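All remarks here apply to the structure that follows.
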Amino acid sequence: LGEMHRRQGDTARAEPYFKSALGVAARTKDHRTRANAFLCLGAIYYSHSKHREAEGALREAHEVHSRMGNHRDTAYALAGLAKIYSAQSRFKEAEEALWKAHEICSRIGKDIGIADMLLGLGSIYYAQSRHREAEEVLSKAHQIHCRIGNELGIANALHGLGKIYPGQSRDREVEEMLWKAHEIHSRIGNQTGTADVLHSLGEIYDAQAKNKEAEQAFGEAHEIYSRIGNDMGTANALRSLGESYYAQSRYAEAEEALKKAHEIHSHIGNDVGTADALHSLGNIYRIRFENREGEEAFRKAHETYSRIGNQRGTGNALEGLGWIYYTQSRHWEAEEAFQEAHQLHSRIGYEMGFANALQGLGTIYRVQSRDREAEEFLWKAHEIHSRIGHDLGTANALDGLGHLYGAQKRYKDAEKALGEAREIHSRIGNDQGAANALNGLGQIYLAQSRYKEAEEALWKAHQIHSRIGHDLGAANALLSLGDIYRAESRSLEAEKLLREAHRICSLLNHAMGTGNSSRRLGTLFSKRGQFEEAQSLFCQALSEYKRAGSCFSRAEVLLDIAGVYCIRGNYLQEEESLTEALTIGVRLKDDSLQDAPLELLAQIFRFKSKYSVTLAAPLQTGATCQQMSVDIRRGVALHNLGREFIVEGKFKQAENSYSLARALFSRAREARGEACAIRSLGTLFTLHSRLETASQCFAQARTISVAISDSDGEIMALGCLMGACLLQGNLARLRSYCVEALKIYDRTSGIQVKSLPLPREHLQDS
């Protein structure tokens, strides 16, 4: 009865029968039945990801069968243990167990057992991306099953061989193998096997971006699993359907299917399936820039994988977190996640995961302008993918290198890398990858003003994305085409394409795409002189970028908004936008986002005539305390920023920051702050041996402090002046400043001091 329910996939009803069998066998001292019941319980616990219980049951079965001399069942207990070890990424132990089982079957002349152990070894090698070894043992298993006429074994071997090759340019051979397996399973009435093969065919089509064929295969597998009551198969098929919808930008359907898969796996207690569904949901949320939900999904998946000891899954979840952090410009956290994934995959010998983590690190280093490290890591990823025969990974690494070289204006190298990536994607039937490479090539041509070639490449990319139903890719191609038409002054054509891209991204609820199209439209209207429309579109883009959590894009569009405010005479709003952009740039430690706002803010405070009204505003009757308070807060922030720049050795930026802080304090009539900023400027000039300019700053700071009766400020200024005099060798003036400082000490402390050594602290500070 237990075996009947187990074969039907109803493990909940099967488990009590096996436990009852254990009790009866113990009372009757039927050791063989007891051992067989342990074997079946081990399989049930394994299906529920209860690895500790499964391992215990199978060890009991192995011990009893071994003691009784039941060699065949001893071998199958070892095979069961190997599955447990493999699920926990304990591949070395799994391999050892299977080779022991293989040796037992060889010794007793059990051909079917030999072939089954070889099938198990093929799965172990496949899980470690050891494809050549996997192919070797699976081919041997196929030969044995053919020789003894075991059709089920033949089908399983063909199925295993078919799973090895996706992304390795052997798609026709793979399909033939899987259809043969499908025909055998169908003929012998093995519905589970038929559904399993259909599921694998779906994975093949999915790897080729044949989304309709993949969806059909997964749908048929799902129908069979549901009909025979195989909950785990049903949930796995739903997850794959979700992945197929995801590839077609059908995100709502993808989310629905994945949530159903997650629910079923949770219900039957399959932790691996639950975590897998969460991982896939994380990818859906990431592409939609629902970063909070995405991070939560990946964290839960990571927690589950870690708890059950699935190290490969743990590493993959860390990679997912890395990409979530990357989309939010949380580059340091992303780097940490990718490094941890890299170490984990390296430790368990999972080369594909190792290479994927390297690619993630390469991408992070690229956006941080750490070009040498980025190139090194991307080439390492390329080398590993090439060595293990994973063409898809090889092409993706080349895509990354192409983007890196494009950013470095190494256009010839970029063109070569993207061209090779496109060729590989096309060869393995990955239409989406080929289209993405064409999009990259179009951008490289655009950067070189090769507009005709760029337009041709991008229309091809758009055509492919549209054909396979990848709406987001089609929208991205339209955005790039809009850039070409803008560059060629084909304004109306550009507007039409950008509005279509905006429509698609809005329908997909894709915040980043909607933001990018709004920003490009804003730029288009700004160049036409339609500044009100441009401002509205830039503000829409800012709102979308905030929703997407993209700090970098927020900073960039804030600069666009500041430009429009400047043209329209909204100088305070311009200043506010620039300050916000600068703050983001500092937080991201991105020089490109710091230099432009610093320079523009500096221009505002150079007292050009067009700013005179704004600068005088806080001094006029009715000037608000709120505006003065804002100026003081900004002044403090910029002053602190100047100190950070000095620590980082960015002295020009430090000078700009201190100058801006001084101007803000002056406008807010905050004299203490103004004096402090001027002293900081003097200290900066001292570091550069511009001692005359430094002395002038210190003297000016002293004058301001005297005017407001700030004795502490005056003493600090005098201390700085003494330091400058000492460096200049002007001892007479140094003595004069020292005497003046002593008088202030005397006056403020009430203590008569006739002789006091020069305060070394001030000299050290300056």
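The values are calculated or read from the model by the stated rules, or taken from the named source; none is laboratory data. Model, not experiment: these values are computed from the prediction. Cβ placement follows ideal geometry from the backbone for every residue including glycine, while neighbour counts extend to all protein chains displayed. The protein model used for the area step is the full one, side chains on, heavy atoms only, and it has no ligands, DNA or RNA in it. Shrake-Rupley method; radii C 1.70, N 1.55, O 1.52, S 1.80 Å.
Miscellaneous remarks
- Yes/no for Gly189 being surrounded by fewer than 24 Cβ atoms within 10 Å (Cβ to Cβ), modelled with pLDDT under 90, of a type outside the set (D, E, K, R) and assigned to a helix (DSSP H, G or I): no
- Within the range 635-654, residues that are touching a residue at least 24 places away in the same chain (Cβ under 8 Å) and open to solvent by 40 Å² or more (accessible area, probe 1.4 Å) have Cβ atoms under 9 Å from residues that are of a type in the set (Lys, Arg) and not in a helix (DSSP H, G or I) in these pairs: Glu644/Lys650, counting only partners at least 6 apart in sequence or on another chain.
- Subset of the range 142-158 that is of a type in the set (S, T, N, Q) and at pLDDT below 90 - its residue that is nearest to Ile188 (Cα to Cα): Asn150
- Flag for Tyr571 being of a type in the set (Ser, Thr, Tyr), farther than 25 Å from Gln368 by Cα and modelled with pLDDT of 80 or more: yes
- Filtering the range 55-87 to residues that are under 13 Å from Leu41 (Cα atoms) and surrounded by fewer than 18 Cβ atoms within 10 Å (Cβ to Cβ) leaves Gly56, Arg59.
- The single condition among (1) open to solvent by less than 10 Å² (accessible area, probe 1.4 Å); (2) over 21 Å from Ala247 (Cα atoms) that Tyr451 does not satisfy is (1).
- Among (1) within 29 Å of Ser123 (Cβ to Cβ); (2) in contact with a helix residue (DSSP H, G or I) (Cβ under 6 Å, 6 or more places away or on another chain); (3) at pLDDT below 95; (4) open to solvent by 40 Å² or more (accessible area, probe 1.4 Å), the one test that Gly313 misses: (4)
- For beta carbons closer than 8 Å, sequence separation of 6+ or different chains, a first residue in the range 492-514 that is of a type outside the set (Asp, Glu) and a second that is open to solvent by less than 10 Å² (accessible area, probe 1.4 Å) and not in a helix (DSSP H, G or I), the qualifying pairs are Leu508/Ser249; Met512/Ser550.
- Looking only at the range 97-123, residues that are closer than 20 Å to His51 by Cβ and more than 36 Å from the chain's Cα centre (by Cα) come to 4 in all.
- Any hit, the range 171-181, residues being assigned to a helix (DSSP H, G or I), under 19 Å from Ala115 (Cβ atoms), open to solvent by 10 Å² or more (accessible area, probe 1.4 Å) and modelled with pLDDT of 80 or more: yes
- When Ile444, Ile464 are checked against the criterion of being open to solvent by less than 20 Å² (accessible area, probe 1.4 Å) and either modelled with pLDDT under 95 or not polar (S, T, N, Q) (or both), a single residue qualifies: Ile444.
- Flag for Leu734 being over 21 Å from Ala661 (Cβ atoms), in contact (Cβ under 8 Å) with a residue 24 or more places away in the chain and not β-branched (Val, Ile, Thr): yes
- The condition of being buried (at least 19 other Cβ atoms within 10 Å of the Cβ), closer than 30 Å to Tyr45 by Cβ and under 18 Å from the mean Cα position of the chain (by Cα) holds for only one of Leu318, Leu361, Leu378, that being Leu318.
- Every pair of residues 6+ apart whose Cβ atoms lie under 6 Å, when the first sits in the range 194-213 and is touching a residue at least 12 places away in the same chain (Cβ under 8 Å) while the second is among the basic types (Lys, Arg) and assigned to a helix (DSSP H, G or I): Ser200/Lys163
- Residue among Glu674, Glu670 that is open to solvent by 40 Å² or more (accessible area, probe 1.4 Å), more than 40 Å from the chain's Cα centre (by Cα) and within 19 Å of Met716 (Cα to Cα): Glu670
- Residue check for Ser426: open to solvent by 60 Å² or more (accessible area, probe 1.4 Å), farther than 28 Å from Ser592 by Cβ and free of Cβ contacts under 8 Å to residues at least 12 places away in the same chain: yes
- Some residue of the range 258-266 being free of Cβ contacts under 8 Å to residues at least 24 places away in the same chain and among the hydroxyl-bearing types (Ser, Thr, Tyr): yes
- Failed condition for Ala195, given (1) among the hydrophobic types (A, V, I, L, M, F, W, C); (2) over 29 Å from Gly294 (Cα atoms); (3) surrounded by 20 or more Cβ atoms within 10 Å (Cβ to Cβ); (4) at pLDDT below 85: (4)
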